[in-house]
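Novice: Sharing a structure with you now.
The values are calculated or read from the model by the stated rules, or taken from the named source; none is laboratory data. All values derive from a computational prediction rather than experimental measurement. Cβ sites come from the backbone with ideal geometry, for glycine too, and all protein chains shown count toward neighbours. We work out accessible area using only protein heavy atoms, side chains counted, and drop any ligands, DNA or RNA first. Shrake-Rupley method; radii C 1.70, N 1.55, O 1.52, S 1.80 Å.
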Amino acid sequence: MVIKADLKCKQTDFNLPRCRIEKVVKLTPPEYTEFVSDPLGYYDFLREFNAEKQEYTTDGIPCLLLVGEGHKDGFIIDTQGYDYARYTAHIPNAEQLAVAVRYPSLENAVRETALAADTSVQKAIESGDKEYGVNIDEVRNQFRGTGFSEGLLYAALKDRPEIESADFDGEYIRCTVRDEYVRQTDPRRALTQEEADIMLAKHILWLNDAGGIQADFSNCLVRGLNLAHKNMMNVAMDNARFVDTDLQGAELNFSVANDTRFESCNLEDVIAEECEFKNTVFSKCKMSGGTYTHSDLSDAVMIECKMEYGSFQNCCTDGTNFCGLDDYAEINMCGCNSDREDWQQDGFDPELTM
């Protein structure tokens, strides 16, 4: 995209005035050329604007938006009661702004359609498949306002660089993802709900010295499973990947989850004391109320996670990145140590049974 911009050297601030567009005037090509050539001239459209008795309010300065037929750019004008353009500002893509002023509901529809297109493209890429179908009814139900247009969404998806082609059959927009955006198939072994349930049932026997075998999720892909309130004490989870998994209230004490990824998981109210989460990534997870006391979080990363009233008390936080946590101030960080060697000497290094 190429636009014209009024660049200024070494600006010290961007405290721009609020301009309230009260009227849009569209000029013919000759009229627009005349105004650009003589912006300080006296014009009837400015005299008519002033005659409408625009009032200054706290909402902003009453202004006129000037666009020209066949031109994308335009100008905002504050006449201050004069019949010439006393104050002006060049506006790139003013033609689109004029449409938004005339049809605010259309602007909302375009904004939501863009969001729906972004979400659809993200899901298409995350699916790892070359072909992906966007369910029109699902998108329509998630639309927060009126004015949904499957045709507009279809056009938006075709505009995206990640999409090679798109076809619309009335029910689905079937997208073909470009090869460079197709994610490689995850090499981890994908677990089913039944396999996970059986694994954890045998794990309970193992915990109680009644036979069974220790649960081992290492190098597994755990996608969309329900593990809420499960007893997962002393489970091995190194290099696992948990995606859209419900772990709410799960007991993870003494578990090992180094080099593991938790993506869009529900980790609310988990009990994960004396655990290892070295180099582990928590991305877009719900973590409120979680207790990670005495755990090793060396080089762990939190990305866009929601957490409040949780506890990292006495944890090792050597190289840990908490920047992606919301409500950081409400998290118990008492006794944390950012030096792993010191933390180990303090006796907080978990001794895990493997």
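Novice: What about Leu221, is it closer than 21 Å to Leu267 by Cα, modelled with pLDDT under 95 and either in a loop (DSSP other than H, G, I, E, B) or open to solvent by less than 60 Å² (accessible area, probe 1.4 Å) (or both)?
Specialist: So Leu221 fits the description; yes.
Novice: Can you tell me which residues in segment 117-149 are open to solvent by less than 80 Å² (accessible area, probe 1.4 Å) and in a loop (DSSP other than H, G, I, E, B)?
Specialist: The answer is Ser127, Gly128, Lys130, Phe143, Gly145, Gly147, Phe148, Ser149.
Novice: Applying the selection to segment 76-116, what residues are in a strand (DSSP E or B) and open to solvent by 40 Å² or more (accessible area, probe 1.4 Å)?
Specialist: Tyr87, Thr88, Ala89, His90
Novice: For segment 1-58, name all the residues that are assigned to a loop (DSSP other than H, G, I, E, B), at pLDDT 85 or above and among the basic types (Lys, Arg).
Specialist: Arg18
Novice: Go through (1) of a type in the set (Gly, Ala, Ser); (2) modelled with pLDDT of 80 or more; (3) under 18 Å from Phe262 (Cβ atoms) one by one and return the number of the condition Gly335 breaks.
Specialist: Only one criterion in (1) of a type in the set (Gly, Ala, Ser); (2) modelled with pLDDT of 80 or more; (3) under 18 Å from Phe262 (Cβ atoms) is unmet by Gly335, namely (3).
Novice: Now, a different point. Which of the residues that make up segment 180-215 are part of a strand (DSSP E or B) and open to solvent by less than 80 Å² (accessible area, probe 1.4 Å)?
Specialist: Of everything in segment 180-215, just one residue is part of a strand (DSSP E or B) and open to solvent by less than 80 Å² (accessible area, probe 1.4 Å), namely Ala190.
Novice: Now a separate question. Quick check on my filter: what residues within segment 45-63 are among the polar types (S, T, N, Q) and open to solvent by less than 40 Å² (accessible area, probe 1.4 Å)?
Specialist: Matches in segment 45-63: Asn50 only.
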